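Input: a single structure, listed below in structure tokens.
The values are calculated or read from the model by the stated rules, or taken from the named source; none is laboratory data. Source: prediction; values computed, not measured. Cβ: placed from backbone, ideal geometry, glycine included. Neighbour counts: every protein chain shown.
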Amino acid sequence: MHEQSAPVGRLAGKAAIVTGAAGGIGRATVDAFHREGAMVVAMDLAAPLAAARFDASGVIKIACDLADRDAIRAATEEAVAKLGGLDILVAGGALKGGTGNFVDLGDADWDRYIDVNLTGTFLACRAAARAMVAGGKGGRIITIGSVNSFLSEPEAAAYVAAKGGVAMLTRAMAVDLAKYGILANMIAPGPVDVTGNNTGYSEPKLAGEVRDEVALGRPGLPDEVATAAVFLAEGGSSFITGSTITIDGGMSAMIFGGMRGS
Ligand SMILES: NC(=O)c1ccc[n+]([C@@H]2O[C@H](COP(=O)([O-])OP(=O)(O)OC[C@H]3O[C@@H](n4cnc5c(N)ncnc54)[C@H](O)[C@@H]3O)[C@@H](O)[C@H]2O)c1
């Protein structure tokens, strides 16, 4: 009889859902989780998900629009059924970008960013929490906020407000879900180049901004975010909940400076 070898890795045998899985940080997270032995369901909008390539062939793709309440519930149920349970959610799906000056910010833009980035994150987290409570084995919820969860920037009010909401949502979950053994933490990235070929910040103005605003003088890479998601998902981080890991190359540690003058 063929003897099946036990899965190895820091997340061996764990069942995970990643939203925003077709994006730069999402793909890196799916791949990192898979390398560490987790079974992963990748969720994203249908078209980007169909086009997304992952390192492992065993990644299960389930399309889901975070602005659609019924779709999130159904997709989570399908994922839990396919995985045989749920241990980890990484809630990273979001719209990015600015919405213009506050005075001109329209209702439709405001609604879109709040619906996808805040309400969508809430719905994905609640669906996952319900599955984890039903499973009775605790779990890990990792939201992807931003440095914009606590620092603003020009012409991005809807994004910034939604990301600020994600920060407090994460703390609220940490408080309410502790009694079920479910830990909730947020990752707050600064500028991360998700182009896959280090060109995301090569345009001179953006490159100059990163040089001036990031202590390390460069944007981060998706793998440098995924590594923190693995840490927050694994056994060793068992006393961390309600916390934020900021991954911004020192951006939020200073008012200005960076590599300026060096
Ligand atoms: N890259 C950065 O500089 C940066 C900085 C701070 C925070 N973040 C956050 O990190 C997370 C991942 O961002 P990324 O840089 O990989 O961006 P990305 O645009 O590559 O990925 C975001 C993913 O979310 C998906 N998405 C958007 N709307 C959706 C919807 N309605 N339903 C389902 N999925 C939807 C997109 O299809 C995309 O695949 C986001 O939450 C983003 O706000 C990124």
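If you check D55, D65, D31 for being more than 12 Å from the ligand (Cβ to nearest atom) and more than 18 Å from L83 (Cα to Cα), only one passes: D55. Of everything listed in (1) part of a helix (DSSP H, G or I); (2) within 16 Å of the ligand (Cβ to nearest atom), the single unmet condition for A134 is (2). The residues on offer are S237, S243, S202, and the sole one that is within 30 Å of F54 (Cβ to Cβ), away from the ligand (no atom under 12 Å from the Cβ) and in contact with a helix residue (DSSP H, G or I) (Cβ under 7 Å, 6 or more places away or on another chain) is S237. For V210, the test of being in contact with a helix residue (DSSP H, G or I) (Cβ under 8 Å, 6 or more places away or on another chain), hydrophobic (A, V, I, L, M, F, W, C) and within 16 Å of the ligand (Cβ to nearest atom) is failed. In the condition set (1) modelled with pLDDT of 95 or more; (2) more than 13 Å from the ligand (Cβ to nearest atom), A71 is compliant with all but (2).
Between T195, T246, T227, the distinction of being in a loop (DSSP other than H, G, I, E, B) and not aliphatic (A, V, I, L, M) belongs to T195 only. Identification of helices (runs of 4 or more DSSP H) wholly contained in segment 1-115 with 1 or more residues that are more than 23 Å from T170 (Cα to Cα) and free of Cβ contacts under 8 Å to residues at least 24 places away in the same chain yields 46-51, 69-83, 107-113.
Within segment 76-87, identify whether any single residue is at pLDDT 95 or above, of a type in the set (S, T, N, Q) and touching a Leu at 6+ places or on another chain (Cβ under 9 Å), and answer yes or no.
Initial filter on segment 76-87 (at pLDDT 95 or above): 76-87.
Remaining after also requiring of a type in the set (S, T, N, Q): 76.
Those left that are additionally touching a Leu at 6+ places or on another chain (Cβ under 9 Å): 76.
Yes: segment 76-87 contains one or more residues that are at pLDDT 95 or above, of a type in the set (S, T, N, Q) and touching a Leu at 6+ places or on another chain (Cβ under 9 Å).
Among all residues of segment 144-166, there is none that is surrounded by fewer than 18 Cβ atoms within 10 Å (Cβ to Cβ), within 9 Å of the ligand (Cβ to nearest atom) and more than 17 Å from the chain's Cα centre (by Cα).
Of everything in segment 75-98 that is loosely packed, with under 15 Cβ neighbours inside 10 Å and within 13 Å of the ligand (Cβ to nearest atom), the residue that is nearest to K14 (Cα to Cα) is K96.
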